[in-house]
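The values are calculated or read from the model by the stated rules, or taken from the named source; none is laboratory data. What you see is a predicted model, and the numbers here were worked out from it, not measured in a lab. Please note: Cβ atoms are built from the backbone with ideal geometry, for glycine as well, and neighbour counts cover all protein chains shown.
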Amino acid sequence: MEGIGPLEKLIHKRRSIRKYQDRPVERETILRCIEAARLGPSAENVQPWRFIILDEPQLRLRVAKKAFSGIYLTTRWAAKAPVLIVILAKLDIIANKIGAHLQNCQFYLLDIGAAVQQMALQAQELGLGTCWLGWFNGKKVRRELKIPDMYRVVAMMSMGHIERQPRHEKPRRSMEEIAWFNECR
């Protein structure tokens, strides 16, 4: 990867990790990743993201058992990650309700997407692996953690020291397929 900068190298290297070493992640390191998310952009600077960091093994396993059961069983590998982060949205009346109605877009999802990607890249830079999880039982997670109604459970992220890097790169669409100058093809 000659001629590309450190950020590009990081982006090229980042993968969704599903195999973690059985060792804890220091809280200072986790908080550096959360800080990267905190600095993400958001519509009207609402900063809707909130994070519940599950690093206490008994609680993490209890929540994972609820989150990754039934039809969500395919995600049960995430229970072995030393850290699970529950990603919440605190919805704002103006940016989220009025903006969503007028623009037909849930801006909080865009905001959280940007923040979580920054968190994943920071984790990668610090030598950690992550996987963004959307397939889990959010209702059971809400009940288990007693999350108030003012927050919407949006996603989860597994995090830990990488046990095994994926063997091959997944194919990506070509630049010609996804980007055009001055026209839509």
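I want to confirm something. Restricting to region 19-74 and keeping residues that are acidic (Asp, Glu) and surrounded by fewer than 16 Cβ atoms within 10 Å (Cβ to Cβ), which single residue is nearest to Ile98 (Cα to Cα)?
Glu44
Working only within region 12-41, note down all residues that are over 15 Å from the mean Cα position of the chain (by Cα) and assigned to a helix (DSSP H, G or I).
Matches in region 12-41: His12, Lys13, Arg27, Glu28, Thr29.
Would region 121-133 turn up any residue that is farther than 30 Å from Arg23 by Cα and either touching a helix residue (DSSP H, G or I) at 6+ places or on another chain (Cβ under 7 Å) or not in a loop (DSSP other than H, G, I, E, B) (or both)?
No: region 121-133 contains no residue that is farther than 30 Å from Arg23 by Cα and either touching a helix residue (DSSP H, G or I) at 6+ places or on another chain (Cβ under 7 Å) or not in a loop (DSSP other than H, G, I, E, B) (or both).
Please state which of the following conditions Asn96 fails to meet, knowing it meets all the rest: (1) part of a helix (DSSP H, G or I); (2) surrounded by 17 or more Cβ atoms within 10 Å (Cβ to Cβ); (3) at pLDDT 90 or above; (4) polar (S, T, N, Q).
Against the list (1) part of a helix (DSSP H, G or I); (2) surrounded by 17 or more Cβ atoms within 10 Å (Cβ to Cβ); (3) at pLDDT 90 or above; (4) polar (S, T, N, Q), Asn96 comes up short only on (3).
Which condition breaks for Met150 when tested against (1) under 24 Å from Leu10 (Cα atoms); (2) in contact (Cβ under 8 Å) with a residue 40 or more places away in the chain; (3) loosely packed, with under 13 Cβ neighbours inside 10 Å?
Of everything listed in (1) under 24 Å from Leu10 (Cα atoms); (2) in contact (Cβ under 8 Å) with a residue 40 or more places away in the chain; (3) loosely packed, with under 13 Cβ neighbours inside 10 Å, Met150 misses just condition (1).
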